[in-house]
Amino acid sequence: MPRLTQAFVEKIDLSDSEKTTYIFDEGLTGFGVRVSGDKKIYIAQGRVGGTKVRLKIASHEVLSLEQARIEAKKLLAQMAQGIDPRTQRIAQKAKAVTLGELLEPYIRARKLRPTTIKLYEGALRRCFSDWLQKPITEITKDMVQARHERISNAHGPRGKGEAHANQAMRVLRSLLNYATSVYEDADGRPVMAENPVARLSQAKLWNRNKRRTDFIQREDLKPWFQAVLKLENPIARDFFIVCLLTGLRRNEAAQLKWSDIDLKSKILRLPGDRTKNYEEHLLPLSDYLEALFLRRKNANDALQDAKSEFVFPGTGGKGHLIEVKRAVANVIDESEVKFMTHGLRRTFLTVGESLDISHYTLKRLANHKFGGDVTGGYIQLTVDRLREPMQRITDAILEHAEIKKKGL
């Protein structure tokens, strides 16, 4: 066992590139150099709790022998005290994780949809661009409070800034909650004792955003429906009607595939990977919906080279309907009834409630989670149990719109 010197290390032969060799120092037990391939790496080797621990210090090209020896003494001293330096290194790395570095592992762990990923990326880019290189452990409650106030006031006290601020902070809260559960210090404690976004709840600083309540009033259903039926684009026409008569969310309806529609059993089956709550959504088809889907299916089957797997095909890369702003504007101009596509879902549920359909049935029709409702978790509403209320909602909407079900 030689005493390592700078000259000795420099002269070590690297010709046998496939063999790994360890050369330890005679003067400092546990300090050595690992020779492998075309690399000479300084190491420190000792025992912690009876387990051998070998740590890389640095390449001989990065540190001089004496610099490596000093670092080795520190590491060997820790091991002699029963401290595993590997744990210390992991803890130091965890404390140095930046906000920008946090997003990728969070996305992998949560398996987020592309639209949600886009929302997170947008929030970080617009609202926290100057924090992306900052270690998450340096983000304080005061910083969060100040940034929330700044975003809130970006478009005036009553502008969109308040909604944007809340959304940005919900994104930040989710990311830091993940960090709190994953990254630990050397003692196994979270590197962040508390999520700094908690300040907004503790001090009641969240903006009170008004929940959207737009839906089509009963007296407006007739002009709205008539305007929809006049649309030159049959895809947009049927899309609006399906949204209204099923209560599906816009993206759920736009991504409907023919494999989701069972015309024989008269069931719409939306798989969990395309629903907001990741749970399969089963809906019975009312007679009007059955006729609409049958008409669309026959038209699609009659095509030669342009058949689509989607009920509402689009010209974009995804293959399904994406944008309906122009159709919405045309309906508003024709009917003088202002609406948004998501408002059709509210209209569906509002009509259902007016028919005294039970709360639990409406939640099933909307595919809402029961959350902490223990009773709701016990109630099993099969798709056949939903047929009658589904038909009642369709009939009521068509009655208000003065639409006669011809040719069903």
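The values are calculated or read from the model by the stated rules, or taken from the named source; none is laboratory data. Predicted model, so just to flag it, every value in this text is computed and none were measured. Here the Cβ positions follow ideal geometry from the backbone for every residue, glycine too, while neighbour counts run over all protein chains shown.
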Within the range 11-52, residues being farther than 17 Å from Leu76 by Cβ and either in contact with a His (Cβ under 8 Å, 6 or more places away or on another chain) or among the hydroxyl-bearing types (Ser, Thr, Tyr) (or both) number 6
- Query: Hey, does the range 332-339 have a residue that's in a helix (DSSP H, G or I), within 33 Å of the chain's Cα centre (by Cα) and surrounded by 16 or more Cβ atoms within 10 Å (Cβ to Cβ)?
  - Reply: no
Condition set basic (Lys, Arg) and out of contact with any His (no Cβ under 8 Å at 6 or more places or on another chain), scope the range 228-284, selection farthest from Glu309 (Cα to Cα): answer is Lys230
When every residue in the range 209-228 that is more than 14 Å from Val337 (Cα to Cα) and touching a residue at least 12 places away in the same chain (Cβ under 8 Å) is compared, the one surrounded by the fewest Cβ atoms within 10 Å (Cβ to Cβ) is Thr213
Out of (1) free of Cβ contacts under 8 Å to residues at least 24 places away in the same chain; (2) farther than 20 Å from Lys11 by Cβ; (3) surrounded by 15 or more Cβ atoms within 10 Å (Cβ to Cβ), the one Val35 does not meet is (2)
**Prompt:** Is one or more of the residues making up the range 5-17 more than 22 Å from Asp185 (Cβ to Cβ), without any contact (Cβ under 8 Å) to a residue 12 or more places away in the chain, touching a strand residue (DSSP E or B) at 6+ places or on another chain (Cβ under 8 Å) and surrounded by 11 or more Cβ atoms within 10 Å (Cβ to Cβ)?
**Reply:** no
The correct count of residues that are part of a helix (DSSP H, G or I) and over 19 Å from the mean Cα position of the chain (by Cα) in the range 118-137 is 5
Considering the range 260-315, residues that are among the basic types (Lys, Arg) and touching a strand residue (DSSP E or B) at 6+ places or on another chain (Cβ under 7 Å), and then whichever is surrounded by the most Cβ atoms within 10 Å (Cβ to Cβ), we arrive at Lys266
Of (1) at positive phi; (2) at pLDDT 90 or above, Tyr278 fails just (2)
The residue that is farthest from Asp220 (Cα to Cα), considering only those in the range 290-331 that are assigned to a helix (DSSP H, G or I) and among the charged types (D, E, K, R), is Asp301
Taking the range 64-88 and keeping only residues that are closer than 17 Å to Gly27 by Cβ and free of Cβ contacts under 8 Å to residues at least 24 places away in the same chain, one is left with Gln67, Ile70, Lys74, Ala77
The helices (runs of 4 or more DSSP H) lying wholly within the range 14-110 that contain at least 2 residues that are hydrophobic (A, V, I, L, M, F, W, C), at pLDDT below 90 and outside the structural domain of Ser129 (by TED's automatic domain parsing) are 65-80, 85-95
Test: residue in the range 85-98 that is out of contact with any strand residue (DSSP E or B) (no Cβ under 6 Å at 6 or more places or on another chain) and more than 27 Å from Arg47 (Cβ to Cβ): yes
Would you check if Glu121 is under 30 Å from Glu252 (Cβ atoms) and surrounded by fewer than 18 Cβ atoms within 10 Å (Cβ to Cβ)?
yes
Would you call Gly372 under 30 Å from the mean Cα position of the chain (by Cα) and either modelled with pLDDT under 90 or closer than 13 Å to Tyr288 by Cβ (or both)?
-> yes
Note on the range 273-323: residues under 16 Å from Lys257 (Cβ atoms) and aromatic (Phe, Trp, Tyr) are Phe293, Phe310, Phe312
